[in-house]
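Asks: Below: one structure in structure tokens.
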Amino acid sequence: MTQRLAIARALLHSPSVLLLDEPFSGLDVDSSHTVEEILRDFRSNEGAVLYIAHDFDTVARLADQASILMAGKLTPALPLAGVSGDDLRKHYQKICGGTDA
């Protein structure tokens with residue numbers, strides 16, 4: 001409930017960009033689907049979303065591109081068209097030396 005409320009509050013003033021830190025953390029399946037639909041609608045109306053997430057499957061499903069923050073530096077963005085969560089996980093492990101998120 002807290003996550004959904006925070007996202008609703010963030011959308012209240014019609015921003016053009018949302019910065020979300022682990023937006024699906026602590027949500028049940030139904031709430032996750034609801035939030036996902038809200039964010040898809042936001043993006044379809046020209047909104048931009050910057051997700052901070054550790055769930056590779058969610059990132060691959062929702063994002064257009066992904067970067068990895070490692071040792072305080074951001075890697076170049078990886079386009080995600082046709083990329084699965086497993087593909088993204090392998091990319092992460094290659095860059096970070098085999099450790100998972």
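The values are calculated or read from the model by the stated rules, or taken from the named source; none is laboratory data. Please read all numbers here as calculations on a predicted model, not as lab measurements. A quick note on method: Cβ atoms are made from the backbone with ideal geometry, for glycine too, and the neighbour counts reach across all protein chains shown.
Asks: Give region 11-28 a look and list any residue that's at negative phi and in contact with a strand residue (DSSP E or B) (Cβ under 7 Å, 6 or more places away or on another chain), or say none. Show your work before the answer.
Replies: In the first step, residues of region 11-28 are kept if they are at negative phi; the result is 11-13, 15-21, 23-25, 27-28.
Once the filter is applied, which keeps residues that are at negative phi and in contact with a strand residue (DSSP E or B) (Cβ under 7 Å, 6 or more places away or on another chain), region 11-28 yields 16, 17, 18, 19, 20, 21, 23.
Asks: Could I ask something else about it? Taking region 27-49 on its own, how many of its residues are surrounded by fewer than 15 Cβ atoms within 10 Å (Cβ to Cβ), of a type in the set (Ser, Thr, Tyr) and under 18 Å from residue 63 (Cβ atoms)?
Replies: 1
Asks: Out of all the residues in region 1-34, which are among the aliphatic types (A, V, I, L, M) and in a helix (DSSP H, G or I)?
Replies: So the first thing to find is which residues in region 1-34 are among the aliphatic types (A, V, I, L, M), and the list is 1, 5-8, 10-12, 17-20, 27, 29.
Within region 1-34, 5, 6, 7, 8, 10, 11, 29 meet the criteria.
Asks: Quick one: in region 35-55, which of the residues that are of a type in the set (Val, Ile, Thr) and assigned to a helix (DSSP H, G or I) is farthest from residue 86 (Cα to Cα)?
Replies: Here is the first cut: in region 35-55, the residues of a type in the set (Val, Ile, Thr) are 35, 38, 49, 52.
Add one more test, that the residue is assigned to a helix (DSSP H, G or I), and what stays is 35, 38.
Working: 35: 23, 38: 25 Å.
This residue is 38.
Asks: Can you find a residue that is surrounded by 16 or more Cβ atoms within 10 Å (Cβ to Cβ), touching a Pro at 6+ places or on another chain (Cβ under 9 Å) and not aromatic (Phe, Trp, Tyr) anywhere in region 6-26? Don't jump to the end; show me each part of the working.
Replies: Keep residues of region 6-26 that are surrounded by 16 or more Cβ atoms within 10 Å (Cβ to Cβ), which gives 7, 18, 20, 23-24.
Subset that is touching a Pro at 6+ places or on another chain (Cβ under 9 Å): 7.
Then keep just the ones that are not aromatic (Phe, Trp, Tyr); that gives 7.
Looking for residues that are surrounded by 16 or more Cβ atoms within 10 Å (Cβ to Cβ), touching a Pro at 6+ places or on another chain (Cβ under 9 Å) and not aromatic (Phe, Trp, Tyr), one finds at least one in region 6-26, hence yes.
Asks: Determine, yes or no, whether residue 29 is under 30 Å from residue 9 (Cα atoms) and among the β-branched types (Val, Ile, Thr).
Replies: Values: under 30 Å from residue 9 (Cα atoms): yes; among the β-branched types (Val, Ile, Thr): yes.
Yes; evaluated as a whole, the condition is true for this residue.
Asks: I'm checking my understanding of the structure. Among residues of region 56-101 that are part of a loop (DSSP other than H, G, I, E, B) and in contact with a Ser or Thr (Cβ under 9 Å, 6 or more places away or on another chain), which one is surrounded by the most Cβ atoms within 10 Å (Cβ to Cβ)? Don't jump to the end; show me each part of the working.
Replies: Start the filter on region 56-101 by keeping residues that are part of a loop (DSSP other than H, G, I, E, B), which leaves 63-64, 67-68, 71-72, 75-77, 80-84, 97-101.
Narrowing further to those that are in contact with a Ser or Thr (Cβ under 9 Å, 6 or more places away or on another chain): 67-68, 75-77.
Details: 67: 13, 68: 16, 75: 14, 76: 7, 77: 12.
Selected residue: 68.
Asks: Write out, first by first residue and then by second, each pair whose Cβ atoms fall under 9 Å of each other, whose residues are 6+ apart or on separate chains, and whose first residue, in region 1-21, is modelled with pLDDT under 90 while the second is exposed (fewer than 13 other Cβ atoms within 10 Å of the Cβ) and in a strand (DSSP E or B).
Replies: 10/19
Asks: So which pairs qualify, if the first residue must be in region 70-92 and within 14 Å of residue 58 (Cβ to Cβ) and assigned by TED's automatic domain parsing to the domain that holds residue 59, the second must be in a helix (DSSP H, G or I) and of a type in the set (D, E, K, R), the Cβ gap must be under 6 Å, and the two must be at least 6 apart or on different chains?
Replies: 85/57
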